[in-house]
Amino acid sequence: MPIYVTRSSMPELSEYIEEIKPMFETHMLTNMGPIYKKFQGELISYLGVRDLSLFVNGHLALEIAIQALGMTEKGEEVGGGEVITTPFTFVSTTHAITRNNLKPVFCDIRKSDYCIDPDKIEELITDKTVGIVPVHVYGNICDVHKIENIAEKHGLKVLYDGAHAFGEKYNGRGIGTFGDATMFSFHATKVFNSIEGGAVAFRNKRYGVALHELKNFGMHTETSITSVGLNAKLDEFRSAMGLCNLRHIDESIQDRKRVHDRYYERLSGIDGIELFQAQKGVTPNYAYLPVYFDKKKFGKSRDDVYMELREQEVYTRKYFYPAINDLECYRDLGGPATPVAHDVSMNILTLPIYEGLATEDIDMICDIILSKK
Ligand code: T4K
């Protein structure tokens, strides 16, 4: 059996059927129905956030959140707003900025956590900067305090792309409570899924109204349309899947920890293999298993390991290669060089990690990695 980088968590079929059964009586399938509301309430409590709005996917959640926070409007006021963000992410982050007619300005990352380097943000701020969109990449937490200080000093909005950070806490505080808002993705490939889905967690009630209206065609009331919105509502079937998966999320994360720990047992202390070191105060979710290969020391490059594993039907991923500012659609944007992001994107590989991945399979993967070229 091939092994992929991840495998979606799913409940028992009977559990899902139980959850969707009422719909066959009520015929209420979407538009923020009772299952959506139940799911929303349980998520608020699980994530420890003040409020959140559910979306059909993480990307649209991010795109709409940028608008709801007022970055788009401010961008028009200043004649072409700029948003400081990371080049080491999935392309969705950057597309969400660009599709709001804002210019992404790429700030380099730190080698220690692959997140935006807070010490390099301020030098990129101009009179056109309207916000910062950092990413908790792989579930590694950004330096939220430094970012908050910079944002306050310069009057900027902060929207975290927390697509990978579901359920994480920093010093006991839900990660979705930092910044003005945080997006979570519930895509099938994530730690937690509702098949497709996403959410924006926020504190300010004003943002809640804007998010709610923008994802529902800009409808303020039945007859009053106050903004140019779109349709990005999460439906009842997906909400039901979310409710089921939420019941098992703690066991699922616990099992990911088992997988993570086994890889670390096998791969730690090897010259040329760099593993991410746990962050102080962070309750992790083990979303990804990134490994940085230093060819000079290890003897094999990231691409060598990728190919060797592929030959044995182990499909790892080069998340996130190329760096965004090396992609065809962004490479002509200009901006400062981001050598750390470029280097990391060239040398990092994400190994299979998911609930239920057998220890023998992890060992087989490690044997292939550690075999001589
Ligand atoms: N921001 C960040 C930082 C993100 O990483 C993402 C999404 C977003 C924003 C946007 O959130 P969403 O709009 O997606 O909610 C995947 C996902 O499609 C994407 O959600 C994710 N990031 C990105 C990092 O990865 P692919 O093209 O690499 O996925 P795919 O189809 O190759 O799947 C990988 C493996 O997962 C498969 O080999 C098998 C397994 N799998 C896949 C699917 C689709 C399953 O087990 N079940 C499934 O249903 O993009």
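The values are calculated or read from the model by the stated rules, or taken from the named source; none is laboratory data. Please read all numbers here as calculations on a predicted model, not as lab measurements. No Cβ is skipped: glycine too gets one built from the backbone with ideal geometry, and neighbour counts run over all protein chains shown. The accessibility values were calculated without ligands, DNA or RNA, using every heavy atom of the protein model including side chains. Shrake-Rupley method; radii C 1.70, N 1.55, O 1.52, S 1.80 Å.
Tell me the carbon and sulfur percent of the accessible area for the stretch 83-130, rounded to whole percent, probe radius 1.4 Å.
Details: 810 of 1730 Å².
Answer for the stretch 83-130 is 47 percent, counting heavy atoms of protein chains only.
Please return the longest stretch of the chain lacking exposed loop sites, where GluC sites (Glu not before Pro) count only if DSSP places them in a loop and at most 15 other Cβ atoms lie within 10 Å.
The segment 13-221 is the longest one with no such site.
Scan around LYS233 for amide H atoms under 5 Å from its own, H built in the peptide plane at 1.01 Å from N, and keep only partners 5 or more places away or cross-chain.
Counting only residues 5 or more places away or on other chains, the set is VAL56.
Let a ≥ b ≥ c be the square roots of the eigenvalues of the Cα gyration tensor of the chain; is it rounded (a/c under 1.5), or, if not, prolate (a/b larger than b/c) or oblate? Kindly include the intermediate steps, with their values, before the conclusion.
On the way: a/c = 2.00, a/b = 1.18, b/c = 1.70.
Verdict is oblate for the chain.
Could you give the dipole magnitude of the stretch 269-328 about its Cα centre, charging the beta-carbon of Lys and Arg +1 and that of Asp and Glu -1, in debye to the nearest 20? Don't jump to the answer; show the numbers that get you there.
Numbers: 9 positive and 10 negative charges, 48 e Å.
Charge dipole of the stretch 269-328: 240 debye, to the nearest 20.
List, in order, the whole-Hz ³J(HN,Hα) value for each residue of the stretch 18-32 obtained from phi through the Karplus relation with A = 6.51, B = -1.76, C = 1.60 and θ = phi - 60°; use x for Gly and Pro.
Result, rounded to whole Hz: 4, 6, 8, 3, x, 5, 6, 9, 7, 6, 8, 9, 7, 6, 6.
Starting from the amide H of ALA163, placed 1.01 Å from N in the peptide plane, find each other amide H under 5 Å away whose residue is 5 or more places distant or on another chain.
HIS136, SER185
By accessible area of protein heavy atoms, probe 1.4 Å, what ranking do ILE270, ILE147 get, highest first?
On the way: ILE270 50, ILE147 0 Å².
Sorted descending by solvent-accessible area, the residues read ILE270, ILE147.
Pop out the ³J(HN,Hα) list for the stretch 130-145 in order, Karplus 6.51 cos²θ - 1.76 cosθ + 1.60 with θ = phi - 60°, rounded to Hz; leave Gly and Pro as x.
Values per residue, Gly and Pro as x: 10, x, 10, 10, x, 10, 7, 5, 6, x, 6, 8, 5, 6, 4, 6 Hz.
Would you please classify the overall shape of the stretch 279-339 from the alpha carbon gyration tensor, given that a ≥ b ≥ c denote the square roots of the eigenvalues, rounded means a/c under 1.5, and beyond that prolate means a/b larger than b/c while oblate covers the rest? Mind showing how you got there, number by number?
Details: a/c = 1.77, a/b = 1.21, b/c = 1.46.
Cα axes put the stretch 279-339 in the oblate bin.
For the stretch 140-203, which chymotrypsin sites (Phe, Trp or Tyr not before Pro) pass both filters: DSSP loop (anything but H, G, I, E, B) and at most 14 other C-beta atoms within 10 Å?
Working: sites: TYR160, PHE166, TYR170, PHE178, PHE184, PHE186, PHE192, PHE202; in loops: PHE166, PHE178, PHE186, PHE192.
Qualifying residues, ordered by number: none.
Let me know the charge dipole size of the chain about its Cα centre in debye, to the nearest 20, where only the beta-carbon of Lys, Arg (+1) and Asp, Glu (-1) is charged. Before the final figure, lay out the partial values.
Values: 42 positive and 52 negative charges, 80 e Å.
Roughly 380 debye, rounded to the nearest 20.
Considering only protein heavy atoms and a 1.4 Å probe, what is the carbon-and-sulfur percentage of the accessible area of the stretch 216-373?
Details: 3960 of 7900 Å².
Whole-percent figure for carbon plus sulfur exposure: 50.
Enumerate the amide H contacts of GLY218 below 5 Å, restricted to partners 5 or more residues apart or on another chain; note that Pro and chain-start residues carry no placed amide H.
Under 5 Å from the amide H of GLY218 lie the amide H atoms of GLY229, LEU230, each far enough along the sequence or on another chain.
If I take every Cα pair under 8 Å that is 6 or more residues apart in the chain, average their sequence separation and divide by the length, what percent do I get for the relative contact order? Intermediate results must be reported in sequence, preceding the final value.
Values: 772 pairs, mean separation 84.8, N = 373.
Value for the chain: 23 percent.
Roughly how big is the stretch 224-269's charge dipole about its Cα centre, with Cβ charges of +1 (Lys, Arg) and -1 (Asp, Glu), in debye to the nearest 20?
Values: 8 positive and 7 negative charges, 27 e Å.
Using only the charged Cβ atoms, the result is roughly 120 debye.
Tell me, for the chain, which Cys residues have no other cysteine's C-beta sitting closer than 4.7 Å.
CYS107, CYS244, CYS329, CYS366
Classify the stretch 207-306: rounded, prolate or oblate, from the alpha-carbon gyration tensor (a ≥ b ≥ c, eigenvalue square roots; a/c under 1.5 rounded; otherwise prolate if a/b is larger than b/c)?
Values: a/c = 3.51, a/b = 2.32, b/c = 1.51.
Prolate, because a/c is 1.5 or more and a/b exceeds b/c.
State, to one decimal in nm, how far the label point of PHE217 lies from the label point of LYS295, with both points 7 Å from Cα in the Cβ direction.
A separation of 5.5 nm, rounded to one decimal place.
Return the distance in nm (one decimal) between the two label points of a simple spin-label model at LYS120 and LYS318, each offset 7 Å from Cα along Cα→Cβ.
2.0 nm
Starting from the Cα of ARG7, step 7 Å toward the Cβ, then list every residue of the stretch 333-373 with an amide N under 17 Å from that point.
351-366
Where a Cα-Cα gap under 16 Å defines reach, which aspartates and glutamates qualify for LYS157, not counting those fewer than 8 residues away within the same chain?
Once the sequence-local aspartates and glutamates are set aside, what remains near LYS157 is GLU63, GLU73, GLU76, GLU77, GLU82, GLU122, ASP127, ASP143, GLU148, ASP180.
Would you mind checking the stretch 21-62 for residues with the amide N under 18 Å from a putative spin-label position 7 Å along Cα→C-beta of ASN204?
Hits in the stretch 21-62 for ASN204 at 18 Å: 50-53, 62.
So what's the back-of-envelope 222 nm ellipticity for the chain, counting only DSSP H runs of four-plus at -39500 (n - 2.57) apiece and dividing by all residues, rounded to 500? Write down the numbers at each step before the final one.
Working: 14 runs with 139 residues, N = 373.
Helix-only estimate at 222 nm: -11000 deg cm²/dmol.
Once the Cβ-Cβ distance between MET364 and ALA337 is put in as r, and R0 is 41 Å, what FRET efficiency do you end up with, to the nearest 0.05? Could you put the intermediate results ahead of the total?
Working: r = 39 Å, r/R0 = 0.96.
Rounded to the nearest 0.05, the efficiency is 0.55.
Compute the relative contact order of the stretch 30-120 as a whole-number percentage, counting only Cα pairs closer than 8 Å that sit 6 or more residues apart in sequence. Display every interim value, and only then the final one.
Values: 88 pairs, mean separation 19.3, N = 91.
Reported relative contact order: 21 percent.
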